[in-house]
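These notes concern the structure reproduced below.
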Amino acid sequence: MAALGKIRSKGIILIGIIGFALFAFIAEELFRSCDSARNEQRQQVGEVLGDKVNVQDFQKLVDEYTNVIKMTQGRDNLTDDELNQVKDVVWNTFVQNEIINKEAEKLGLKVTDQELQNVLIEGTNPMLMQTPFVNQQTGRFDANMLKKFLAEYKQAQTANPQMAEQYQSVYNLWTFIEKSLRQQILAQKYQVLLAGCMLSNPVSAKMAFEGENQESNIQLASFPYSSINDKKVTITESDLKAKYDELKPRFKQYEETRSIKYVDYQVVPSAADRSALNKSVKEYVASLNSSADPSEVIRKSGSSVNYLGIPQTKEAFPSDIASRLDSMGVGSVSSPVENKTDNTINIIKLISKNELPDSVEFRAISVASDASADSIYKAVTAGGDFEAIAKKYGQQGTKTWLTSNQYQSAPSMDNDTKNYIEAINTLGVNQVKDLKMSQAHIILQITNRKGMKTKYVAAVIKKPIEFSKATYNAAYNKFSQFVSENQSLENMQKHAAKYGYKVMEASDVRSSDHYVAGIHGTREAMKWLYDAKENTVSPLYECGNNDHLLVMVLTKINKKGYRSLDDENVKNYVRQEVMRDKKAEMIMAKVAGVKSVAAAKAKGAQVSTVNQVTFAAPVFVQATGASEPALSGAVSATAQGKFSAHAVKGNAGVYLFQVVSKKNRPAKFNEKEYEQRLKQKALQYAGNFMQELYIKANVKDNRYLFF
C-alpha cells in the first residue's frame with residue numbers, strides 16, 4: 001500500500017513519462033511508415049490515372065523495345081540519344097495505352113482473338129512487315145510461316161541451347177508485335193466509335209460549298225499597325241490586367257516546370273594541347289608510311305575506327321572518311337584533316353581498292369585433320385555432291401548468303417576470320433578452296449555472287465582533339481572560384497563577364513527533358529532542380545562528355561495551373577495584344593466616316609487589288625505580311641459594289657475595302673461529298689481527344705529521377 005501511495009503521489013510525472021513513451025512508440029511506427037512510403041515513392045517512375053508506375057516494370061518495357069530495335073535493325077548497341085528516344089516512345093506509348101484501355105473498359109470495347117487473326121490473315125499491317133514471317137515472293141506477311149515457327153519454337157525448348165536462344169529472340173519479337181497489334185486494334189476501334197459521333201447535314205454542306213466557290217475581287221485599303229510608333233501608345237496596368245483576364249485560358253499549363261539562369265562553360269583544348277597532338281599526328285603519318293601492317297599503329301593511336309584489314313564498302317567508314325577514299329591513290333597516306341563536326345583529327349592510309357561482290361552465296365565443310373581436308377577437297381573439285389559429302393562428316397553443307405553488312409562493322413577480327421572473308425570475297429563462282437585455319441580446315445565453295453561494289457582496305461586514325469588533365473584542372477579551379485564567390489544570381493550576373501562567362505536563361509525546363517539546357521549528363525542537375533527552392537544556387541556540376549562545368553539558379557517554379565501576369569513571358573504576350581488593340585482603336589478612330597477607297601488612301605492607307613477572296617480561306621495581305629481570316633468573313637458578307645460597312649480589325653492591321661465583283665466558280669455541288677468532307681474536318685478537330693484524355697489522366701512523369 002505504501003508503494004501504491006508513492007506511485008499515486010508521482011501520478012502526474014508518471015503520466016507524462018508514459019505519454020512520452022507512447023508518443024515515441026507511435027512516432028517510431030509513423031517514421032517507419034513514412035520511410036516505407038518514401039522508399040516506395042523512390043521506386044515510382046510516374047503515375048497514370050492514379051496508378052503508380054514502378055521503375056522496374058518500366059525498365060522491362062524499355063528493355064523489351066530496345067531488344068526489338070536491335071534485332072530488327074541488326075544493332076548491337078544504341079547511343080545515349082537513341083536510348084532516350086526509346087524511353088520517350090515507351091513512356092508515351094504506355095501512357096496512351098493505359099488511357100485507351102480505361103476508356104475502352106468503360107465502353108465495353110475488347111479485341112477478340114478472331115479480330116487479331118483477321119489482321120494476320122490479311123497480312124498488310126506495317127507492323128507485320130517488321131517480322132521474319134514475310135513471304136519474299138508475295139511481299140506480304142505469311143501467317144503459315146508464323147504457325148510453323150511457333151510449332152518449331154516449342155520443340156526448340158528441348159533442343160540444343162544455342163538453337164533455343166535464337167528461337168527465343170524471334171519469339172520475344174513476335175510477342176512484342178502481337179501485344180502492339182492488339183493495342184493498335186483497340187485504339188482503332190475507339191477512334192472508329194468516336195468518328196461515328198461526328199455528323200454533318202445538307203445545310204452545312206451547302207454553306208461549305210458556297211464558302212469555297214463564291215469568289216470576290218476587292219480594292220483593299222490597309223492600315224498596318226506598324227505604321228504607329230509603339231511610343232505613342234499608352235498602356236496601363238489596368239489595361240494589362242483586363243486583357244490577361246480575357247485571355248487567361250491561354251496561360252494554363254498542365255505540368256509543373258522550372259525556369260533557370262545558368263552559366264555553362266565547355267572546356268576546350270589549349271594551345272599546348274594542340275601542339276602535343278600535332279607532334280603525335282606527325283609520328284602517326286610517318287609510321288603509316290613505313291609500316292606494311294598498320295594494325296599496331298592504329299591500336300596505339302587510340303583511333304575510334306577499328307582496323308579489320310578486310311575489304312569494306314564505303315558504308316563501313318564514317319562519312320567524312322568515306323568521302324575521301326576515291327580521291328586517294330592505293331598505298332598513299334593522307335595529310336591530317338581536322339573535322340570540326342566531330343572534333344577529330346583524321347589520317348587515312350588506302351591499302352587496296354577492288355570491285356568485289358556485296359553478297360556471296362557459299363557452302364562449307366569443317367574438318368580437323370589434314371588427310372580429311374585433302375580428301376574432301378579432291379572429291380568436291382572432281383564434281384562430287386557437296387551436301388552428300390558434308391553429311392558423311394555430320395554436317396549439312398547447305399548454301400548460305402553472306403553480305404558485307406554482316407561482317408564489316410565488327411569491332412575486331414582475328415586472322416582466321418580475315419582469311420575466311422578474304423576467300424569468300426575473292427573466289428569465283430564454283431571455285432573451291434581448302435582454308436587452313438589454326439584449329440581446323442574449311443573446304444569452301446562459292447555458289448553465287450551478287451551486287452558488285454567498290455571495296456576498300458583502309459587504315460584510319462580518327463582521334464578526338466582532347467584537352468589535357470592540366471587544362472581541365474585549370475578550367476575547373478577557375479569555375480569553382482567563380483561559383484564560390486558568387487552565391488547569388490545578382491552577383492553571378494555582375495561578375496560573370498570578368499571571368500569570361502555568360503549568364504544564360506532557360507524557361508520551362510520539364511521533368512521529361514533528358515538534359516538541362518541541352519547539356520548531356522545533367523541528370524543530377526535535374527534532380528537538384530526539382531528539389532530546390534526558388535532563388536537558390538546549385539552546386540557545381542561536371543557534365544556533358546566530361547567537358548562541361550555548370551552552375552544554375554532556380555529563378556521560378558512554374559506550378560500547374562494558370563501562369564500569372566507577373567510571369568515575364570505572359571506579360572510580354574499580353575502587352576503585345578494590348579498594343580495591337582490600342583493601335584486598332586487609334587486607326588479606327590482615324591478612319592471613322594470613311595466611305596470610299598479613295599478617302600481611305602487620303603487618310604494614309606496602302607491600296608491594293610486582291611482577287612479570288614473566299615470565305616473558306618484567309619486573305620493574305622502583302623501590305624501587312626499577314627493572313628487575315630476576319631477580312632475573308634467581312635468580304636463574303638458584303639454585296640457586290642458595296643464598300644465595307646465598318647473597318648475590319650485584323651492580325652496585323654485595320655482594313656477597309658470595296659467589293660468590285662463577285663462570281664461563283666463553275667463547280668457542281670455534290671451534297672454527299674461535302675457532308676463527308678465536313679465530317680473529316682470535324683474528325684481532325686476531334687483528333688485532340690488524346691490530349692484531353694491525357695490532361696484528365698493526371699499523368700506524373702518522374703523519369704528524371706532514374707534516367
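On the beta carbon distance between A242 and K601, with R0 = 30 Å, the FRET formula returns roughly 0.30. For region 111-154, what class follows from the C-alpha gyration tensor (a ≥ b ≥ c being the square roots of its eigenvalues): rounded when a/c is under 1.5, otherwise prolate if a/b is larger than b/c, else oblate? In terms of gyration-tensor shape, oblate. Dipole magnitude for region 227-350: computed about the Cα centre from +1 point charges on Lys and Arg Cβ and -1 point charges on Asp and Glu Cβ, it is near 280 debye.
Rounded to the nearest 10 degrees, the inclination of helix 415-426 to the longest alpha-carbon principal axis of the chain is 80 degrees. Taken one residue at a time, the phi angles of region 492-498 give Karplus couplings (6.51, -1.76, 1.60, θ = phi - 60°) of 4, 5, 6, 10, 4, 4, 4 Hz. Gly and Pro are set to x. Of the solvent-accessible surface of region 71-171, computed with a 1.4 Å probe and all protein chains present, 47% belongs to carbon and sulfur. Taking all C-alpha pairs of region 408-537, those more than 22 Å from each other amount to 66 percent. Note on A368 and Q576: with the Förster distance fixed at 60 Å, the Cβ-Cβ geometry gives a FRET efficiency of about 0.10. Just the protein heavy atoms count here, and of the accessible area of region 328-388 at 1.4 Å, carbon and sulfur take up 49 percent. For region 127-230, the set of chymotrypsin sites (Phe, Trp or Tyr not before Pro) satisfying both a DSSP loop assignment and a count of at most 11 other C-beta atoms within 10 Å is empty. For the chain, the longest principal axis of the Cα atoms and the long axis of helix 237-247 meet at an angle of about 60 degrees. Legend: calculated FRET efficiency, Q676 to N535, from the Cβ-Cβ distance at R0 = 35 Å, rounded to 0.05, equals 0.05. Between rounded, prolate and oblate, where does region 556-658 land on the alpha carbon gyration tensor, with a ≥ b ≥ c its root eigenvalues, rounded for a/c under 1.5, else prolate if a/b exceeds b/c? Taking the square roots of the gyration eigenvalues as a ≥ b ≥ c, region 556-658 is prolate.
Compared with the rule-of-thumb size 2.2 N^0.38 Å for a compact globular protein, the chain has a Cα radius of gyration ratio of 1.39.
Proximity of backbone amide H atoms, modeled 1.01 Å from N, is registered between T447 and E361, F362, R363, N430 at under 5 Å, excluding neighbours fewer than 5 places apart on the same chain. With contributions of -39500 (n - 2.57) from each DSSP H run of at least four residues, the per-residue ellipticity at 222 nm computed over the chain stands at -15000 deg cm²/dmol. For the chain, the solvent-accessible area works out to 58 Å² per residue, with a probe of 1.4 Å and every protein chain left in place. Distance from the alpha carbon centroid of region 398-458 to that of region 514-551 works out to 50 angstrom. Relative to the current alpha-carbon distance between Y476 and K453, full extension at 0.36 nm per residue lengthens the span by 3.2 nm. The translational diffusion coefficient of region 490-562, from Stokes-Einstein at 20 °C and 1.002 mPa s with a Kirkwood hydrodynamic radius over alpha carbon pairs, comes to 162 µm²/s. Surface composition of region 620-687: carbon and sulfur atoms hold 51% of the protein heavy-atom accessible area at a 1.4 Å probe. Could you estimate the translational diffusion coefficient of region 412-473 from the Stokes-Einstein equation, with Rh from the Kirkwood formula over C-alpha pairs, at 25 °C and 0.890 mPa s, in whole µm²/s? Approximately 160 µm²/s, per Stokes-Einstein. Which parts of region 406-436 would a label at S352 reach, counting a residue when its backbone N lies under 15 Å from a point 7 Å out along Cα-to-Cβ? The answer is 415-428. Dividing the convex hull volume of the alpha carbon atoms of region 488-628 by its residue count gives 246 Å³ per residue. In order along region 401-408, the Karplus-derived 3J(HN,Hα) couplings, from 6.51 cos²θ - 1.76 cosθ + 1.60 at θ = phi - 60°, round to 8, 10, 9, 4, 5, 6, 10, 7 Hz, and Gly and Pro are given as x. For region 264-337, a Kirkwood hydrodynamic radius built from all Cα pairs, placed in the Stokes-Einstein relation at 25 °C and 0.890 mPa s, yields a translational diffusion coefficient of 170 µm²/s. Between the listed residues N572, G544, N558, the Cα displaced farthest toward the positive end of the dipole of region 539-584, a dipole computed from Cβ unit charges relative to the Cα centre, is found at N572.
Against the longest alpha carbon principal axis of the chain, how many degrees, from 0 to 90 and to the nearest 10, is the axis of helix 80-107 turned? Tilt of helix 80-107: around 60 degrees.
K453 sits among other residues whose Cβ lies under 15 Å from its own Cβ, and their net charge, with Lys and Arg +1 and Asp and Glu -1, is +1.
In sequence order, region 472-483 has phi-based couplings of 5, 4, 5, 5, 5, 4, 5, 5, 4, 5, 4, 5 Hz under the Karplus curve 6.51 cos²θ - 1.76 cosθ + 1.60, θ = phi - 60°, and Gly or Pro positions carry x. Here region 522-643 is treated with +1 on each Lys and Arg Cβ and -1 on each Asp and Glu Cβ, and its dipole about the Cα centre works out to around 760 debye. Which log10 I(q)/I(0) values, to two decimals, does region 517-558 give at q = 0.26 Å⁻¹ under the Debye formula with one point per Cα? Normalising to I(0) and taking log10 leaves -0.90. Charges were assigned to the Cβ only: +1 to each Lys and Arg, -1 to each Asp and Glu. The resulting dipole of region 298-435 about its Cα centre is roughly 160 debye.
The values are calculated or read from the model by the stated rules, or taken from the named source; none is laboratory data. Just so it is clear, the model here is predicted, and its values are computed rather than measured. Don't worry about glycine lacking a Cβ; one is built from the backbone with ideal geometry, like all the others, and counts go over all protein chains shown. What goes into the accessible areas is simple: the full protein's heavy atoms, side chains included, and nothing from ligands, DNA or RNA. Shrake-Rupley method; radii C 1.70, N 1.55, O 1.52, S 1.80 Å.
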